[in-house]
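S.K.: To start, I am sharing the structure in question, which I have written as structure tokens.
Read the figures in this text as sums done on the coordinates, not as results from a lab. These numbers come from a predicted model, not from an experiment. A quick note on method: Cβ atoms are made from the backbone with ideal geometry, for glycine too, and the neighbour counts reach across all protein chains shown.
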Amino acid sequence: MTTSWAPVPDGSPFPLQNLPYGVFAGAGDDQPRIGVAIGDGVLDLAAALRAEDAGVAESFRQASLNGLLAAGPLRWSALRERVTGLLTDERHRRAVEPALLPADGLRMLLPFEVGDYVDFYSSEQHATNLGRIFRPAEEPLKPNWKHLPVGYHGRAGTVVVSGTPVARPCGQRRPAGADAPGYGPSTRLDIEAEVGFVVGVPSRLGSRVPTTAWREHVFGVVVVNDWSARDIQAWEYVPLGPFLGKSFATSVSPWVVPLAALEPAFVEPPGQHPQPLPYLRPSGPGLAVDLEIRLNGHLVSRPPFAGMYWTPAQQLAHLTVNGASLRTGDLYASGTVSGPEADQRGSLIELTWNGETPLALPDGTARVFLDDGDTVSITGWATDAAGARIGLGTVTGTILPAR
């Protein structure tokens, strides 16, 4: 197996097989630039490539990955091959090593300019759990759920990078038993652990992207926390769906992992019955990614992504089937990832069964929903055939009091 001259600690989420892209600035340095994570370091691409081609190097002194995203699969592949060569060939070490910076001294920025943001609802376990919570006398899944990937359009301008504090949202709420709504801070603030897909190559308005072409458009993957104000959402969502209960903040991890790095994690998805309509076939691969949710440092859940009913390819096909165009930097997220076991649920509303069983934490406290000052971290990873962990990074956010 090819190894890197750059130090990579055992068990690092960023081995040579990964090489995710992000945007960073140094301490006291306002110049953003593009880097690649390797071990505990970040390779400054502009500095690493300067000696070879100053013009190419300058293209990586950017505040977003959008230029690279738009370049397409051939460019993505060529750059990945070039970075791998720089980090493995000892002949490059002397020139490149000064461009390898300690990650803990850097400030990570939002890695791409978000075009549009769409969030899906693709976990059968999550949708079933919520159906049982809110409609106990009915079938948990709505009639359309197994015929199309249900989703909604979010607010791209409130997508933020990991580490950005999240102010508790305010809005209208109608408490149980009340005749009329009131206004105030959400008292039922929740998380949703998700996986997000970042679009690189755009499509024309009026055209459709088939499931077989999703890798021609999607560059890579991030971890997503789709923060949710359940009380605001419950009052507003009929008849048009989520709005202010979702649009106040969506957090993403700082590293975009290329699909090429996740090739070993592509798996057969669950069977779909009834068979989807032709535009949703073939389904495309599922993705064997594991998530881990920590609340104030305490492990509370490990949702598995491989069991998601609707695949990333089907989500993209459905997103564009009406002719809606893709733009570079578009983000679409999977929806809450939940597994069949109680400790695999990806939201607090499921973990506490809407408050019936508060979540007991090891420090002696308990939660139904989030308190001010709580910090939530969601980490994702895949594993290749050799057992190496391909990390998706971590998305973290701390709840601040309402403003």
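S.K.: What FRET efficiency would be calculated for the residue pair D104, I133, taking the C-beta separation as r and a Förster radius of 35 Å, to the nearest 0.05? Display every interim value, and only then the final one.
M.R.: Values: r = 41 Å, r/R0 = 1.18.
According to the calculation, E is roughly 0.25.
S.K.: Determine the sum of side-chain charges near R188: Lys and Arg each +1, Asp and Glu each -1, restricted to other residues whose C-beta is under 10 angstrom from that of R188. Write down the numbers at each step before the final one.
M.R.: Working: positive: R173, R230; negative: D190, D231.
Taking every other residue near R188 into account, the sum is 0.
S.K.: With contacts defined as alpha carbon pairs under 8 Å and 6 or more residues apart, what's the relative contact order of the range 21-109 in percent? The partial results should precede the final answer.
M.R.: Working: 123 pairs, mean separation 34.6, N = 89.
For the range 21-109, the relative contact order is 39 percent.
S.K.: Please find the FRET efficiency linking A360 to E81, where r is the Cβ-Cβ separation and R0 is fixed at 45 Å, and quote it to the nearest 0.05. Intermediate results must be reported in sequence, preceding the final value.
M.R.: Numbers: r = 50 Å, r/R0 = 1.10.
E(calc), rounded to 0.05, equals 0.35.
S.K.: Considering only C-alpha atoms, what is the centroid distance from the range 264-313 to the range 9-83, in Å?
M.R.: So the separation of the two Cα centres works out to 28 Å.
S.K.: Based solely on its DSSP helices, what 222 nm [θ] is calculated for the chain when runs of n ≥ 4 H residues each add -39,500 (n - 2.57) and the sum is averaged over all residues, nearest 500 deg cm²/dmol?
M.R.: So the helix-based figure for the chain works out to -4500 deg cm²/dmol.
S.K.: Right, another one. If the chain between W5 and Y237 were fully stretched, how many nm would it gain, using 0.36 nm times the residue separation less the Cα-Cα distance?
M.R.: Details: separation 232, 0.36 × 232 = 83.52 nm, distance 5.35 nm.
78.2 nm is the gain from fully extending W5 to Y237.
S.K.: Let me ask another. Can you give the convex hull volume per residue for the Cα atoms of the chain, as a whole number of Å³?
M.R.: Cα-based convex hull of the chain, divided per residue, equals 149 Å³.
S.K.: Next question. Suppose R0 equals 35 Å. What FRET efficiency, 1/(1 + (r/R0)^6) with r the Cβ-Cβ distance, do A167 and D384 give to the nearest 0.05? Spell out each step's value before the answer.
M.R.: Details: r = 39 Å, r/R0 = 1.12.
My answer for the efficiency is 0.35.
S.K.: Given Cα positions, please report Rg to Rh for the range 131-184, the hydrodynamic radius being the Kirkwood one. Intermediate values should be presented prior to the final figure.
M.R.: Details: Rg = 16.9 Å, Rh = 15.6 Å.
My calculation of the ratio gives 1.09.
S.K.: Rg and Dmax of the range 252-403, Cα atoms, in Å?
M.R.: Final numbers for Rg and Dmax: 17.6, 52 Å.
S.K.: Ok, one more. Compute the length gained on full extension between D371 and L148: take 0.36 nm times their separation in residues and subtract their Cα-Cα distance, giving the result in nm to one decimal.
M.R.: Values: separation 223, 0.36 × 223 = 80.28 nm, distance 3.53 nm.
Working it through step by step, the gained length comes to 76.7 nm.
S.K.: Please check: in the Gaussian network model of the chain (C-alpha springs, under 10 Å), which one of L141, L100, L259 has the largest mean-square fluctuation.
M.R.: Looking only at L141, L100, L259, the largest GNM fluctuation is found for L141.
S.K.: Work the Kirkwood hydrodynamic radius out for the range 21-109: mean of 1/r over every pair of different alpha-carbon atoms, inverted, in Å. Before the final figure, lay out each step's value.
M.R.: Numbers: mean 1/r = 0.0757 Å⁻¹.
Over the range 21-109, the inverse of the mean reciprocal pair distance is 13.2 Å.
S.K.: Now, a different point. For the chain, build the charge dipole from Cβ charges (+1 Lys, Arg; -1 Asp, Glu) around the Cα centre, then report which of S12, G41, T250 sits farthest towards its positive end.
M.R.: T250
S.K.: Continuing with this model, one more query. So if I take the alpha carbon set of the range 97-221, get Rg, then get Rh from the Kirkwood formula, what is the Rg over Rh ratio?
M.R.: Details: Rg = 20.0 Å, Rh = 19.1 Å.
Rounded to two decimals, Rg over Rh is 1.05.
S.K.: If you plug each phi of the range 227-238 into the Karplus form 6.51 cos²θ - 1.76 cosθ + 1.60 with θ = phi - 60°, what whole-Hz ³J(HN,Hα) values come out, in order, with x for Gly and Pro?
M.R.: 3, 9, 8, 5, 6, 5, 4, 4, 7, 9, 6, 8
S.K.: At most 13 other Cβ atoms within 10 Å and a DSSP loop assignment: could you name the trypsin sites (Lys or Arg not before Pro) in the range 203-265 that fit? Spell out each step's value before the answer.
M.R.: Working: sites: R204, R208, R215, R230, K246; in loops: R204, R208, K246.
Here the trypsin sites (Lys or Arg not before Pro) that fit, given the DSSP loop and packing criteria, are R204.
S.K.: Starting from the Cα of D179, step 7 Å along the direction of its Cβ; do the same at H298; then give the gap between the two resulting points in nm.
M.R.: It is 4.1 nm.
S.K.: Given Cα positions, please report Rg to Rh for the range 320-378, the hydrodynamic radius being the Kirkwood one.
M.R.: On the way: Rg = 16.8 Å, Rh = 14.4 Å.
Reported Rg/Rh, Kirkwood definition of Rh: 1.17.
S.K.: To the nearest 10 degrees, how steep is helix 124-134 against the longest Cα principal axis of the chain, on a 0 to 90 scale?
M.R.: Taking Cα atoms only, the helix is inclined about 30 degrees.
S.K.: OK, next. Spin-label point model (7 Å from Cα, Cβ direction): what's the R281 to E341 distance in nm?
M.R.: It works out to 3.5 nm between the two label points.
S.K.: Tell me the net charge near G22. Cut-off is 12 Å between Cβ atoms, G22 excluded, with +1 for each Lys or Arg and -1 for each Asp or Glu.
M.R.: Working: positive: R33, R107; negative: D44.
Overall, the nearby charge balance is +1.
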